[in-house]
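Contents: one structure, followed by commentary.
The values are calculated or read from the model by the stated rules, or taken from the named source; none is laboratory data. Quick caveat, the model's predicted, so the values are computed rather than measured. Ideal geometry is used to build each Cβ from the backbone, glycine not excepted, and the neighbour counts take in all protein chains shown. Keep in mind that these areas ignore ligands, DNA and RNA; they rest on the heavy atoms of the full protein, side chains included. Shrake-Rupley method; radii C 1.70, N 1.55, O 1.52, S 1.80 Å.
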Amino acid sequence: MSRDINTEAVVLARHWLGTPYRHQGATRGAGCDCLGLIRGLWRSLYGSEPEPVPPYTRDWAERGSEERLWRAALRHMQPAQDPMPGQVILFRMRTGAVAKHLGLQSDSARFIHAYSGHGVVESALTPAWQRRIVARFAFPDPNDL
């Protein structure tokens, strides 16, 4: 029987709800940031992370043109167009800043993310959040790794 990686990702992400926010953290229950949530899901789905994560700032308004998070997602995930539960969503939080926030689409109108001051929460994908979406990615089929 094949795994439904999208459904599995959503189920796993809901187990992270309530995890406190910790910059550069990636441990369910102890603390994570938005990238740490996706890293933790990846470990649960595939057993280990695909590459080491270099240090990074927490500043959403960081200026510059180096889209390191976007490039890393493209190395390990498939770009996706049509919104579906289980997809990783990449957000640009400020005009002119690099895209630095991630979430996981949990249903047609919600997503799960780690948010400073709130921890891991499931939020409505409001028009304000939707305007910030710059890319979507699908987890790869485990048989393709």
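Couple of notes before you dig in:
- Of the residues making up the range 2-26, just one is open to solvent by 60 Å² or more (accessible area, probe 1.4 Å), of a type in the set (Ser, Thr, Tyr) and under 17 Å from Leu104 (Cβ atoms), namely Thr7.
- Qualifying residue in the range 53-62 (condition: at pLDDT 95 or above and among the aromatic types (Phe, Trp, Tyr)): no
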